[in-house]
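K.L.:
Got a structure for you, questions after.
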């Protein structure tokens, strides 16, 4: 027995007691993808760059954007922004205006003249990129960043593809397009214009000369509307119409134009024709709420007095005096499982006529894949590839509209990036694929929304409707600087820790340690209450059952 | 979003035996670290007594004197005077009690200390009942809340301790909440610099006592503040009222629905509470306007 009696007062810190044994579940910091990242065609780290905007690190934001997409100013204008449709903020008030923020950063990069860094090391291997549209340019950019030599072959006399010849200037100013393309070329790209790779032999020759080939010639053949005589002077194909008007050529079509189709290209045709002083009617199979064009395009077309006749089809067209008469009928439209697949059922007795002077069919485009017979599989609507974008011939890769039915500019940009990674792997770089295996996307319920007061979305103003039709100036405007900052503040940064210390400071058990770049749970003491998770404003820490 | 900016200097240890998710422990952490090392705490029987102690261990790195339930403020007065006699004028004496030790059993000692304007900082962790002994009602239990001794809901309102204390014209009285950590820390800091009697009443949603989820006590406290059930304000010299939040922005239902002690409530019961909160809010605004 000790001769010293124990003192009356406490003499041992409670930290000898391991309260961690009480726990049945444990918080864990895992960087999970935000819904916007999950939806982004280029796998853009949106939560990261928006946070950089919040912190006024605009150049950092641009660099993050440019990791996956060399065209933020372009994407910020014309992306179909599935990120916004997925945004968790919509469950609180409205989605974050990601696209307008991207444009804000992209425009700033152009205005400031920010350039891409040259690759750290130049490599001797070379890749032929065939097609200077979004997919080809994206691949060329990603390959150059990795030090590969790139020869770019474009059949037209300027680069840009659909961006230049398909998208009107009121949606994408040519100076923006030129600026973002030039920045890629400044990395050192061997550009060949007016260089058509017209047959299998030409392709084989390029394949022999280079270590790999990337095919991205897009979908340049317009689908033909059955029953329409394309030889008539009053018929003009939509791609030809857009290419001609984008090049500034005079339009010889008559006063009243009927555009057939309901997609983005049809909206571009209709609104371009309005700017050329024509009266325009859009005739689509789809009812108005199922038009494949983006809603905002339809709304802006309506503002510009484009008439919509939806849920109907043209059966025949013929001369009627000086003009034309289009015989049409209402249809029941049934969308199929895939985009572009549908059934229609004409409604008896619903026939009607439209008067017009010209018809511009705009019902989609096919890829020209037969010219490379023997090198690539040509039995599908698009070039067949594996999941690595490699065609039947090893070393020949394909992407963009040529190899996919996902006909969006940013999809093509994303495919170009993926192909560049695969090409690098094929050549032997040992680079890993950019994947998010089995990760749950941060759900809204993981966000502590109490930290976000309701704030309406900051929407940049459009130009006045009245002034719009007089020129091809851009309709959508850039966010003001202060609005851009306020809009960035609305972002929940889903799954991206913002180092706010809430988890650390709200822990009643001092069971979170602050590290230089994050936090760590002390499993000896964490009782598993989940307060850190409940008070995390970004959903960066979640509870997981142990074991 | 507002960042929390108090500094943790390690004055509260891990390994204490508060329930997982307890915001009384959280509040204790904020208060101890804000007051600092030069302090002595006096604690009557309460959850805090259990959290701090458990012989031979202690979770707090300042001396704590465990006293009787009815004599918290009196013991704190004595400790302060003893320190003064020893020349330790700057040592902060904290009395940390529950609502039982404040509103009910300790009220006489509290009133006397307030009347003498003792130089102590009195913290009341108000979890609106005797939660440490199984969840009986106290005079702080609000209208319609179910407790072990009022299973159908309490049929009288919560005692308004602020008005009692204000009647003593002590230098500083404040309400605070673990959901508003910056505000809590700022009030402790302010009180520390005031000579005389200071009382801060902190709302403590009790996980088992109120039937709140383990991870939801901070949120419950936040809803209490935002719904106006527990407004954050200060009273100086018993007459000058200052609000610390922008007004009430939620119906009381947002607060009540997080707690099982209100689950028996009908719509009428909720409406009765809403009406009480609205009237109290109005009265409070009148006092703010006069001050």
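K.L.:
Is one or more of the residues making up the stretch A:239-261 part of a loop (DSSP other than H, G, I, E, B), in contact (Cβ under 8 Å) with a residue 40 or more places away in the chain and either assigned by TED's automatic domain parsing to the domain that holds residue A:165 or crowded, with 20+ Cβ neighbours inside 10 Å (or both)?
P.N.:
yes
K.L.:
Further question: Tell me, yes or no, whether the stretch A:462-479 has at least one residue that is closer than 30 Å to residue B:255 by Cβ, without any contact (Cβ under 8 Å) to a residue 40 or more places away in the chain and in a loop (DSSP other than H, G, I, E, B).
P.N.:
Within the stretch A:462-479, none of the residues are closer than 30 Å to residue B:255 by Cβ, without any contact (Cβ under 8 Å) to a residue 40 or more places away in the chain and in a loop (DSSP other than H, G, I, E, B).
K.L.:
Determine, yes or no, whether residue B:104 is buried (at least 24 other Cβ atoms within 10 Å of the Cβ) and either closer than 24 Å to residue B:49 by Cα or out of contact with any strand residue (DSSP E or B) (no Cβ under 8 Å at 6 or more places or on another chain) (or both).
P.N.:
Details: buried (at least 24 other Cβ atoms within 10 Å of the Cβ): no; either closer than 24 Å to residue B:49 by Cα or out of contact with any strand residue (DSSP E or B) (no Cβ under 8 Å at 6 or more places or on another chain) (or both): yes.
Spelling it out, it is not the case that residue B:104 is buried (at least 24 other Cβ atoms within 10 Å of the Cβ) and either closer than 24 Å to residue B:49 by Cα or out of contact with any strand residue (DSSP E or B) (no Cβ under 8 Å at 6 or more places or on another chain) (or both).
Okay, residues lined up against (1) surrounded by 24 or more Cβ atoms within 10 Å (Cβ to Cβ); (2) more than 7 Å from chain B (Cβ to nearest Cβ):
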site: A:494; (1), (2): yes, yes
site: A:509; (1), (2): yes, no
site: A:514; (1), (2): no, yes
site: A:519; (1), (2): no, yes
site: A:531; (1), (2): yes, no
site: A:540; (1), (2): yes, yes
site: A:543; (1), (2): no, yes
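K.L.:
For the stretch A:27-37, state whether one or more residues are within 29 Å of residue A:134 (Cβ to Cβ), within 14 Å of another protein chain (Cβ to nearest Cβ), assigned to a helix (DSSP H, G or I) and touching a residue at least 40 places away in the same chain (Cβ under 8 Å).
P.N.:
No - not one qualifying residue is present in the stretch A:27-37.
K.L.:
Is it true that residue A:478 is more than 14 Å from chain B (Cβ to nearest Cβ), within 23 Å of the chain's Cα centre (by Cα) and more than 30 Å from residue A:277 (Cα to Cα)?
P.N.:
no
K.L.:
Now for a separate question. Inside the stretch A:126-156, can you point out the residues that are part of a loop (DSSP other than H, G, I, E, B) and either assigned by TED's automatic domain parsing to the domain that holds residue A:76 or under 19 Å from residue A:199 (Cα atoms) (or both)?
P.N.:
A:131, A:132, A:154, A:155, A:156
K.L.:
Same structure, new question: If you check A:416, A:349, which single one turns out to be under 19 Å from residue A:138 (Cα atoms) and either at pLDDT 90 or above or in contact with a strand residue (DSSP E or B) (Cβ under 6 Å, 6 or more places away or on another chain) (or both)?
P.N.:
A:416
K.L.:
Of everything in the stretch B:8-53 that's more than 25 Å from residue B:215 (Cβ to Cβ), touching a helix residue (DSSP H, G or I) at 6+ places or on another chain (Cβ under 9 Å) and surrounded by fewer than 19 Cβ atoms within 10 Å (Cβ to Cβ), which residue is farthest from the other protein chains (Cβ to nearest Cβ)?
P.N.:
Across the stretch B:8-53, the extreme among qualifying residues is B:36.
K.L.:
Taking the stated definitions as given, is residue B:268 without any contact (Cβ under 8 Å) to a residue 40 or more places away in the chain, within 13 Å of chain A (Cβ to nearest Cβ), surrounded by fewer than 22 Cβ atoms within 10 Å (Cβ to Cβ) and part of a helix (DSSP H, G or I)? Step through it out loud before you land on a result.
P.N.:
On the way: without any contact (Cβ under 8 Å) to a residue 40 or more places away in the chain: yes; within 13 Å of chain A (Cβ to nearest Cβ): no; surrounded by fewer than 22 Cβ atoms within 10 Å (Cβ to Cβ): yes; part of a helix (DSSP H, G or I): yes.
Judged against the criteria, residue B:268 is not a match.
K.L.:
Continuing with this model, one more query. Could you tell me which numbered condition residue B:89 fails, if it satisfies all but one of (1) within 30 Å of residue B:117 (Cβ to Cβ); (2) within 14 Å of chain A (Cβ to nearest Cβ)?
P.N.:
Answer for residue B:89: the failing condition is (2).
K.L.:
What about residue A:472, is it within 14 Å of chain B (Cβ to nearest Cβ) and more than 30 Å from residue B:58 (Cβ to Cβ)?
P.N.:
Here the answer is no, as residue A:472 does not meet what is asked.
K.L.:
If only one of A:275, A:271 is outside the structural domain of residue A:78 (by TED's automatic domain parsing), crowded, with 17+ Cβ neighbours inside 10 Å and touching a strand residue (DSSP E or B) at 6+ places or on another chain (Cβ under 9 Å), which one is it?
P.N.:
Every option except A:271 fails the conditions.
Results for (1) in a loop (DSSP other than H, G, I, E, B); (2) over 20 Å from the mean Cα position of the chain (by Cα); (3) free of Cβ contacts under 8 Å to residues at least 24 places away in the same chain, shown as yes or no for each residue.
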{"residue": "A:344", "(1), (2), (3)": "no, yes, no"}
{"residue": "A:355", "(1), (2), (3)": "no, yes, no"}
{"residue": "A:378", "(1), (2), (3)": "yes, yes, yes"}
{"residue": "A:392", "(1), (2), (3)": "yes, yes, yes"}
{"residue": "A:401", "(1), (2), (3)": "no, no, no"}
{"residue": "A:407", "(1), (2), (3)": "yes, no, no"}
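K.L.:
While we're looking at this one, here's another question. Check whether at least one residue in the stretch B:146-162 is over 27 Å from residue B:243 (Cβ atoms), in contact (Cβ under 8 Å) with a residue 60 or more places away in the chain and under 18 Å from the mean Cα position of the chain (by Cα), and report yes or no.
P.N.:
no
K.L.:
State all residues of the stretch B:177-199 that are touching a helix residue (DSSP H, G or I) at 6+ places or on another chain (Cβ under 6 Å), surrounded by 20 or more Cβ atoms within 10 Å (Cβ to Cβ) and away from chain A (no Cβ under 14 Å); if no residue qualifies, say none.
P.N.:
Answer for the stretch B:177-199, where residues must be touching a helix residue (DSSP H, G or I) at 6+ places or on another chain (Cβ under 6 Å), surrounded by 20 or more Cβ atoms within 10 Å (Cβ to Cβ) and away from chain A (no Cβ under 14 Å): B:188, B:197, B:198, B:199.
K.L.:
Please verify whether residue A:348 is in the same structural domain as residue A:288 (by TED's automatic domain parsing) and more than 33 Å from the chain's Cα centre (by Cα), treating the condition exactly as stated.
P.N.:
On the way: in the same structural domain as residue A:288 (by TED's automatic domain parsing): yes; more than 33 Å from the chain's Cα centre (by Cα): yes.
For residue A:348, the condition - in the same structural domain as residue A:288 (by TED's automatic domain parsing) and more than 33 Å from the chain's Cα centre (by Cα) - is met.
K.L.:
Do we find that residue A:85 is more than 29 Å from residue A:194 (Cα to Cα), exposed (fewer than 15 other Cβ atoms within 10 Å of the Cβ) and assigned by TED's automatic domain parsing to the domain that holds residue A:68 in this structure? Step through it out loud before you land on a result.
P.N.:
Working: more than 29 Å from residue A:194 (Cα to Cα): yes; exposed (fewer than 15 other Cβ atoms within 10 Å of the Cβ): yes; assigned by TED's automatic domain parsing to the domain that holds residue A:68: yes.
Considered against the rule, which asks whether it is more than 29 Å from residue A:194 (Cα to Cα), exposed (fewer than 15 other Cβ atoms within 10 Å of the Cβ) and assigned by TED's automatic domain parsing to the domain that holds residue A:68, residue A:85 comes out as yes.
K.L.:
Quick one: which residue in A:225, A:187 is surrounded by 17 or more Cβ atoms within 10 Å (Cβ to Cβ), at pLDDT 95 or above, at negative phi and assigned to a loop (DSSP other than H, G, I, E, B)?
P.N.:
After ruling out the rest, the residue left standing is A:187.
This table checks each residue for (1) out of contact with any helix residue (DSSP H, G or I) (no Cβ under 7 Å at 6 or more places or on another chain); (2) farther than 30 Å from residue B:223 by Cα; (3) within 14 Å of another protein chain (Cβ to nearest Cβ).
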{"residue": "A:427", "(1), (2), (3)": "yes, yes, no"}
{"residue": "A:433", "(1), (2), (3)": "no, yes, no"}
{"residue": "A:441", "(1), (2), (3)": "no, no, no"}
{"residue": "A:460", "(1), (2), (3)": "no, yes, no"}
{"residue": "A:499", "(1), (2), (3)": "yes, no, yes"}
{"residue": "A:505", "(1), (2), (3)": "no, no, yes"}
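K.L.:
Taking the stretch A:503-543 as the region of interest, how many residues are in contact (Cβ under 8 Å) with a residue 40 or more places away in the chain and within 33 Å of the chain's Cα centre (by Cα)?
P.N.:
Of the residues in the stretch A:503-543, 12 are in contact (Cβ under 8 Å) with a residue 40 or more places away in the chain and within 33 Å of the chain's Cα centre (by Cα).
K.L.:
So, restricting to strands (runs of 3 or more DSSP E) that lie completely within the stretch A:289-338, which ones have at least 2 residues that are modelled with pLDDT under 95 and in contact with a strand residue (DSSP E or B) (Cβ under 9 Å, 6 or more places away or on another chain)?
P.N.:
Numbers: elements: A:307-310, A:312-320, A:323-335.
Because the criterion is at least 2 residues that are modelled with pLDDT under 95 and in contact with a strand residue (DSSP E or B) (Cβ under 9 Å, 6 or more places away or on another chain), the strands (runs of 3 or more DSSP E) in the stretch A:289-338 that meet it are A:312-320, A:323-335.
K.L.:
Let me ask something else. Among the numbered criteria (1) free of Cβ contacts under 8 Å to residues at least 24 places away in the same chain; (2) within 30 Å of residue B:61 (Cβ to Cβ); (3) within 14 Å of chain B (Cβ to nearest Cβ), which one does residue A:453 miss?
P.N.:
Condition not satisfied by residue A:453: (2).
K.L.:
Within the stretch A:110-133, can you find the residues that are crowded, with 24+ Cβ neighbours inside 10 Å and within 22 Å of the chain's Cα centre (by Cα)?
P.N.:
Hits for the stretch A:110-133 are A:129, A:130, A:131, A:132, A:133.
The values are calculated or read from the model by the stated rules, or taken from the named source; none is laboratory data. None of these values were measured; they are calculated from a predicted model. Backbone-built Cβ (ideal geometry, glycine too); neighbour counts: all protein chains shown.
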